[in-house]
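Just below is one structure, and these are the notes that go with it.
Derivation of every value follows stated rules applied to the coordinates shown; laboratory data play no part. For clarity, every value in this text was computed on a predicted model and none was experimentally measured. Cβ atoms come from the backbone with ideal geometry, glycine included; neighbour counts cover every protein chain shown.
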Amino acid sequence: MSSIILEARDIRYRYPRGMEAICGISFHIRRKEKIALVGPNGAGKSTLLTMFNGMIRPDSGTLLFDNEPIRYDTASLRMLRKRVGFVLQNPDRQIIAPTVYQDVAFGPTNLGYREDEVKEAVLRALRQVGLEGFGRRPPHQLSGGEKKRVAIAGVLAMDPDVLVFDEPTSGLDPTGSEDIMELLDELNHDGKTIIISTHDVELAYPWADRAILMTGGSILHEDIPEVAFGNLSSVRTAHLSLPTLLELHMELQKRGFSLPGKKPRTVLDMMHCIETLFETTQGPCRHGRITVCNVDQDSRELLLEWLSVHKGICTGAMGTRAKQCAENAGIHLDFTYSVIDKCILKALLGDDSLILTTESMVKRVYLRVDAYGRESGSRIPVLLLAPEQKMVHEKNGSEP
Ligand code: ADP
């Protein structure tokens, strides 16, 4: 992966009249990584996160952003906060203006953008988080998930390189949490480095590129999630639990079952393990096909016409805009999260499915299905809905 964007060298911090909250921590975070800081309450996660944009200054040690030690004069902090956006756990504490537009405009206005630049930044950010047309709404009338999106838009309006989220799904229901985690994935896909804190192991395990397990102001373990969460003693010391899929995999191994080397991160991975176990990896003779509709390109008429021919097909939407398109067109969605994996599972059962997504995410479908095909030997055809021919092109799991 690419270069280091954030680095800590033996940093320490004690709150005034408090105990030491960060006790000598070193780590590095690379550009475009998805990092989860995981630990129990009081582990020091929030304290550490607030150091990333200079809200708290370490008592000792060095924090580097983009290979330069962070400086704490007003001008340097202003620039740092443009490049490292911080989304608080509670959006009510982040949203301050009487309308959504004014709130999202706060950051770019403070950075001295011209009025037309502010407008462009606000509209772009609201579009990114799926809140187009919400500009005049008073934030207090919004749902918890929408408020969270306003807070995220406020940060995105400054186009930061790094986005830091303290407990991003706190207070949200399961669907709201899934939507937010998917939005984080989209932002990461657009090139942002994403750092979250959480005590939710099941949330962090499939999502993160790397997990940093913390307790008592120190790092216990830092690695890819399969390894970090696979270290039982670290997991116990951090008062965490094993991710269910990892625990199941370990229990099967303890019973002497021979499983594929790669530990399962998703239900799809686990199904692959189980099928290997029962030597039924071939599955049905014919795999189902996955059709991808690029909502940025394909017309609503074409899509509705295609759906009228393929009545009842399992449909998923990936990304905020794709979900909105589905809603506007009255298309029922069977999958709104882990969409690609769920469609692969369908295909393995011989069923066809449809994924609605945006331009930038189409490639991701091909890459994921292709990677699964190489790992498992099951080649699943991916087809692109093609407007000019009103039919589909077969791509057979390779890139478009
Ligand atoms: P986490 O985010 O992992 O729950 P925090 O960073 O909030 O952990 O807290 C780390 C430690 O610092 C805890 O012992 C907590 O009580 C203490 N702490 C947090 N905020 C303050 C504060 N404003 N003043 C004094 N102590 C604090």
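Here are the numbers for this structure:
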| item | result |
| --- | --- |
| Gyration tensor (alpha-carbon) shape descriptor, the stretch 195-350, a/c threshold 1.5 | oblate |
| Kirkwood-Stokes translational diffusion coefficient of the stretch 1-119, alpha-carbon pairs, 37 °C, 0.692 mPa s, µm²/s | 204 µm²/s |
| Estimated [θ] at 222 nm from DSSP helical runs (n ≥ 4, -39500 (n - 2.57)) normalised by residues in the chain, nearest 500 | -12000 deg cm²/dmol |
| Distant-in-sequence amide H partners of G350 (H built 1.01 Å from N, under 5 Å) | G288 |
| Pairwise label distance in nanometres, S360 with S76, each label 7 Å out on the Cα-Cβ vector | 3.1 nm |
| The stretch 1-50: equivalent-ellipsoid semi-axes (sqrt of 5 x gyration tensor eigenvalues, Cα, Å) | 24, 13, 7 |
| Projected area averaged over orientations for the stretch 149-270, convex hull of C-alpha atoms, nm² | 8.8 nm² |
| Label-to-label distance, nm, for residues given as E178 and T244 (7 Å Cα→Cβ offset) | 1.3 nm |
| Residues whose placed amide H lies under 5 Å from that of T291, excluding near-sequence neighbours | S353, L354, I355, L383 |
| Gain on full stretching of the segment that runs from L123 to R374 - 0.36 nm per residue minus C-alpha separation | 86.3 nm |
| P(r) histogram, all alpha-carbon pairs of the stretch 37-89 included - 10 Å bins from 0, percent | 23, 53, 23, 2 |
| FRET efficiency for M55 and L252, using Cβ-Cβ distance with R0 set to 35 Å, rounded to 0.05 | 0.20 |
| Two-decimal Rg/Rh across the chain, once Rg and the Kirkwood Rh are taken from alpha-carbon atoms | 0.99 |
| Dipole magnitude (debye, nearest 20) for the chain, charges at Cβ of Lys, Arg, Asp, Glu | 580 debye |
| Karplus 3J(HN,Hα) series, Hz, for the stretch 84-94 with 6.51 cos²θ - 1.76 cosθ + 1.60 (x for Gly, Pro) | 10, x, 10, 10, 5, 4, 9, x, 4, 8, 9 |
| Calculated FRET efficiency for the pair R83/V227, C-beta based, R₀ 30 Å, to 0.05 | 0.50 |
| Approximate spin-label separation R137-R30, in nm, with each point projected 7 Å along Cα-to-Cβ | 3.8 nm |
| Relative contact order [Cα under 8 Å, 6+ residues apart], the stretch 49-160, whole percent | 31 percent |
| Sites E305 and E327 - FRET efficiency at Förster radius 22 Å, r taken between beta-carbons, to 0.05 | 0.70 |
| Burial order of peptide ranges 367-376, 89-98, 197-206 (average beta-carbon count within 10 Å, highest first) | 197-206, 367-376, 89-98 |
| Percent antiparallel among DSSP beta bridges (both partners in the chain, rounded to 5) | 45 percent |
| Kirkwood-type radius of the stretch 62-182, with distances r between different C-alpha atoms, in Å | 14.8 Å |
